[in-house]
Amino acid sequence: MFANKPVPLLSFTTKASYSQFSTAIFHPFFSSLRANPSLFQTKQAHAHIIISGLAGNASLMGHLLTILALSPSTPFDYSQSIYQTITNPNVFASNNMIRCFAKSESPLKSVLFYSSMLRNCVRPNNYSFTFLLQACGKGIGFNEGVQLHGHVVKLGFGEDVYVRNALIHLYSSCCKVESSKKVFDESPHNRDVITWNAMLAGFARDGRVDVVESMFDEMPERDVISWNTMIMAYVHNGKLEEGLECFRRMRGIGLIPNEATLVTVLSASAQLGLIEHGRLVQSIIDSLNIPLTVTLGTALLDMYAKCGCIEQSRLLFDKMPQRDISTWNVMICGMASHGRGKEAIALFERFLNEGIRPVNVTFIGVLNACSRAGLVKEGKRYFKLMTDNYGIEPEMEHYGCMVDLLGRAGLVSEAIEMIENKVVSPNPVLWATLLCACRIHGLIELGENIGNKLIELDPSYDGHYVQLANIYAKSRKWDEVIRVRRLMAERNTNKIAGWSLIETQGRVHQFVAGDRKHERSLEIHKMLEVIETRVAEAGYVPNLSSVLHDIGEEEKENAIRVHSERLAIAFGFLVIGAGDCIRIVKNLRVCTDCHEVSKIISRVFEREIIVRDGSRFHHFKEGKCSCLDYW
């Protein structure tokens, strides 16, 4: 599960790097250089060496390679050209050349370089293998790593803690966590905190959270990276609340979080839609004076956008001194999810004017923005621009946006043509998107055909049954509704229970339909009655089309009035100050009646209500919704 997820950097070469770097910096030729010299400054030092007639000094050139190896952006060819000027390179210079290979685009070529070292009688040391194994880990070179492991044992470096840490990291990077564990267990007395961290990261990458928990508890010593790995293991495996609780424990013992910690916690807050947790992280950033890097700034943008604060997100975006393509993508996608299609498109045009080349994710955001706002003409133009101008092959997500755009606009036949003629192997999700359009536009016969086809393709997914039942219910075909529901029961496919979350005063409160388990349930239902009375006086008439039962009107009204978001809104009135926004997160799409009543509540009570449902954001204010009833 963790194969494509980032893990904390493992600084298993820290002591070696520091000592070599210090030697280089305090050498007379390098003493004027600052701790992180630019490439230009390094070249000036190189020129000084040449002018002084010392270009053949192996020690000096080795130190120059050290600086280049530690620099984040050195052209590989430059490093290689320096190494080639050394007549008899020693192991120190060769090790730094390996490090340059390791950070290049072809890290596995370091193994070929190692072979040439041996042929030239340069005997490797423990640092040689640390850097070589690091390169193999980066290049996912399992076979090369195994061969190097043999050399490690043969040359007597098997007990070196740095080499062992590098071996553990290599096998974990290649998804061979059992091999990592074997190395870890071989020498229990040769471990440091980095050894434990490497093993933690391996199991985290493999998605084995229970093992990570157990090892974390056994650790004799923990540092920030240990906690980061534990938090990341939770968050990347969907245990978001546990990740936030782990962060709270970390802060409780006085450990200062670093950027990796904060980015992960912001991700958890964003996925849960918990603005209070997100704001807490920003307060920590401010109090610790942590620099707002592109990565951290982008994580904050994403958090605010996914917690319903799109204005705050845009304000932060405009203030960021530096942005990368991920920053732009987050902002464009954020605008799209909030129904601000025209703003998202304007942002994309600005993006192009700045000379940045869009990628497939960029166009997912742009096409999604067009779909949410019903911008059919623009959507078609950008889809063509993506393929013709940028040569980006459409993926299923791009087709999904286009089918949704066409379907919602009533161009169902055009959407069907796109699925049948353009997509090589249509995904059931595309037909499910079209099924939603059939429900919106009342296309009963077509919806029935698509719904039955989807149930045949994936009989275990409850969404297809529910959509088909909705279509039948809208046309009052109750016998068919009963048939579909019976089919769900026979196949043991139960509808996912809907819930709504609301965060207040550091706690998250969850409600399900008809909920009476909350500690303030009596007050909530009394508030619900007050709300119902006021909205009825304002002209509210229940829309019962979403109730999939052939039952009396009064029973249907009772079923709708206790939907989870209504209970959450009523609770919000009790605990959130007058005039403050009520923010709710739902796991499912908001129903038609709850959408309508939320608009009326926002007008009657003069309260802004923001709901993040399974599809998008709805900003209810002054009797209107940001989606313009197009969702």
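Observations
- Enumerated helices (runs of 4 or more DSSP H) restricted to the range 103-215, each holding at least 1 residues that are without any contact (Cβ under 8 Å) to a residue 24 or more places away in the chain and either outside the structural domain of residue 74 (by TED's automatic domain parsing) or surrounded by fewer than 23 Cβ atoms within 10 Å (Cβ to Cβ) (or both): 109-119, 142-154, 177-186
- Whichever residue in the range 491-544 is modelled with pLDDT of 90 or more and touching a strand residue (DSSP E or B) at 6+ places or on another chain (Cβ under 6 Å) and, among such residues, is farthest from residue 276 (Cα to Cα): 512
- The range 59-75, residues that are more than 10 Å from residue 97 (Cβ to Cβ) and in contact with a helix residue (DSSP H, G or I) (Cβ under 9 Å, 6 or more places away or on another chain): 59, 60, 61, 63, 64, 66, 67, 70, 71, 73, 74, 75
- All positions within the range 474-517 that are over 30 Å from residue 583 (Cα atoms) and of a type in the set (A, V, I, L, M): 481, 482, 484, 487, 488, 489
- Subset of the range 323-341 [among the aliphatic types (A, V, I, L, M) and surrounded by 24 or more Cβ atoms within 10 Å (Cβ to Cβ)]: 330, 331, 332, 335, 336
- If the condition is being charged (D, E, K, R), touching a residue at least 12 places away in the same chain (Cβ under 8 Å) and in a loop (DSSP other than H, G, I, E, B), then the range 519-539 contributes only 520.
- One residue from 250, 215 being within 20 Å of residue 296 (Cα to Cα) and at pLDDT 95 or above: 250
- Restricted to the range 246-339, the set of helices (runs of 4 or more DSSP H) holding at least 3 residues that are within 18 Å of the chain's Cα centre (by Cα), of a type in the set (A, V, I, L, M) and not assigned by TED's automatic domain parsing to the domain that holds residue 620 comprises 259-272, 294-306, 325-337.
- Whichever residue in the range 257-294 is in contact (Cβ under 8 Å) with a residue 40 or more places away in the chain and aliphatic (A, V, I, L, M) and, among such residues, is farthest from residue 581 (Cα to Cα): 260
- Those residues of the range 345-380 which are at positive phi and either at pLDDT 95 or above or in contact with a Pro (Cβ under 8 Å, 6 or more places away or on another chain) (or both), in sequence order: none
- Criterion violated by residue 238 - all others in (1) among the small types (Gly, Ala, Ser); (2) part of a helix (DSSP H, G or I); (3) surrounded by fewer than 22 Cβ atoms within 10 Å (Cβ to Cβ) satisfied: (2)
- Filtering 468, 487, 457, 385 for residues that are among the hydrophobic types (A, V, I, L, M, F, W, C) and modelled with pLDDT of 85 or more leaves a single hit, 385.
- Tally of residues being hydrophobic (A, V, I, L, M, F, W, C) and exposed (fewer than 12 other Cβ atoms within 10 Å of the Cβ) across the range 497-518: 1
- Once the range 428-459 is narrowed to residues that are among the β-branched types (Val, Ile, Thr) and over 29 Å from the mean Cα position of the chain (by Cα), the residue that is nearest to residue 492 (Cα to Cα) is 455.
- Number of the condition not met by residue 487 [criteria: (1) under 29 Å from the mean Cα position of the chain (by Cα); (2) in contact (Cβ under 8 Å) with a residue 12 or more places away in the chain; (3) surrounded by fewer than 17 Cβ atoms within 10 Å (Cβ to Cβ)]: (1)
- Selection count where residues are of a type in the set (Asp, Glu) and either buried (at least 24 other Cβ atoms within 10 Å of the Cβ) or touching a strand residue (DSSP E or B) at 6+ places or on another chain (Cβ under 6 Å) (or both), scope the range 298-318: 1
The values are calculated or read from the model by the stated rules, or taken from the named source; none is laboratory data. Everything numeric here is computed off the predicted structure, so don't read it as measured data. Here Cβ is always computed from backbone atoms with ideal geometry, including for glycine, and neighbour counts include all displayed protein chains.
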